[in-house]
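Okay, so here's the structure we're looking at.
The values are calculated or read from the model by the stated rules, or taken from the named source; none is laboratory data. The structure presented is a predicted model; accordingly, all values stated were derived computationally and were not measured. All Cβ positions, even for glycine, are placed from backbone atoms using ideal geometry, and neighbour counts span all protein chains on display. These area figures cover heavy atoms from the full protein model, side chains too; ligands, DNA and RNA do not enter into them. Shrake-Rupley method; radii C 1.70, N 1.55, O 1.52, S 1.80 Å.
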Amino acid sequence: AQSVAQPEDQVNVAEGNPLTVKCTYSVSGNPYLFWYVQYPNRGLQFLLKYITGDNLVKGSYGFEAEFNKSQTSFHLKKPSALVSDSALYFCAVIPLNSGNTPLVFGKGTRLSVIA
Amino acid sequence: DAGVTQSPTHLIKTRGQQVTLRCSPKSGHDTVSWYQQALGQGPQFIFQYYEEEERQRGNFPDRFSGHQFPNYSSELNVNALLLGDSALYLCASNLFGTGGGEEEKLFFGSGTQLSVL
């Protein structure tokens with residue numbers, strides 16, 4: 001069965017500094033990988049995805065993520081954090097060519113960007 | 001264009017009671033999925049409805065049931081509530097067949113916060 005792990009419950013970073021939110025995955029075969037963000041009283045919002053191709057994918061709000069097959073990781077990054085990036089971030093996975101398989105989410109990482 | 005709307009936003013129930021949560025999908029969508037997000041956990045898939053039928057189901061007991069109406073809106077029903085059912089319940093909608101790599105076309109509502117006392 002597929003799963004994702006987000007090893008950090010909380011990440012604190014100063015505004016303007018680079019940020020990284022970690023994610024590792026376990027799936028049979030090749031994965032589709034995703035990052036979502038959840039602001040207070042808001043639903044999940046899609047940030048970016050990795051399907052195939054370039055290991056560095058770019059998404060919304062200046063976020064990017066790097067797929068590393070050998071380390072089975074898909075860390076979310078941003079070169080310069082904003083206070084408004086403070087939110088709950090979820091990594092998710094489904095197996096490649098899985099059709100209508102629902103997303104499997106990690107437990108989430110709370111990002112706090114301090115001014 | 002209204003997105004996915006859920007009602008109510010908050011709900012308080014006691015153990016043993018029954019609850020119904022409602023979801024209206026984004027305009028143009030015909031498929032509705034429900035997720036449970038417990039405190040400190042990621043969303044877990046409950047089930048998916050398309051053409052008024054349950055198409056997929058996650059690892060949830062039969063106390064969790066649902067319905068989809070001809071206008072594509074959906075209800076989630078939970079019977080015999082337990083304290084552990086306290087969670088944020090998220091509804092997501094998409095057009096059937098837009099999965100498997102097209103998850104940017106899956107839209108989530110803001111959720112219903114259910115507290116069971």
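Computed values, structure above
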{"quantity": "Computed label-point distance, nm, for sites A:D9 and B:S65 using a 7 Å Cα→Cβ extension", "calculated": "3.8"}
{"quantity": "B:Q113 versus A:S84: modelled label distance in nm, points set 7 Å from Cα along the beta carbon direction", "calculated": "2.4"}
{"quantity": "Radius of gyration, Dmax [chain B; alpha carbons; angstrom]", "calculated": "13.4, 40"}
{"quantity": "Dipole magnitude of the protein assembly as shown about its Cα centre (Cβ charges: Lys, Arg +1; Asp, Glu -1), debye to nearest 20", "calculated": "420"}
{"quantity": "Residues whose placed amide H lies under 5 Å from that of B:L95, excluding near-sequence neighbours", "calculated": "B:D30"}
{"quantity": "Cβ-Cβ FRET estimate between A:S70 and B:F96, R0 fixed at 41 Å, reported to 0.05", "calculated": "0.70"}
{"quantity": "Value of Rg to Rh for the protein assembly as shown (Rh from inverse mean 1/r over Cα pairs, i.e. Kirkwood)", "calculated": "0.97"}
{"quantity": "Loop-located GluC sites (Glu not before Pro) in region B:18-91 whose Cβ has at most 12 other Cβ within 10 Å (DSSP)", "calculated": "B:E51, B:E52"}
{"quantity": "Distance histogram in 5 Å bins (all Cα pairs of region A:3-114, percent per bin)", "calculated": "2, 13, 24, 26, 19, 10, 4, 1, 0"}
{"quantity": "Alpha carbon Rg of region A:8-52, scaled by the compact-globule rule 2.2 N^0.38 Å", "calculated": "1.44"}
{"quantity": "Phi-based couplings in Hz for region A:58-74 (Karplus 6.51, -1.76, 1.60; Gly and Pro marked x)", "calculated": "10, x, 6, 6, x, 7, 9, 9, 10, 8, 10, 5, 5, 9, 6, 10, 8"}
{"quantity": "Heavy-atom surface of the protein assembly as shown, accessible at 1.4 Å and reported per residue (Å²)", "calculated": "46"}
{"quantity": "Between A and B, accessible area buried - total, square angstrom, nearest 100, 1.4 angstrom probe", "calculated": "1700"}
{"quantity": "Cβ neighbours within 10 Å from other chains - mean over B:99-111", "calculated": "6"}
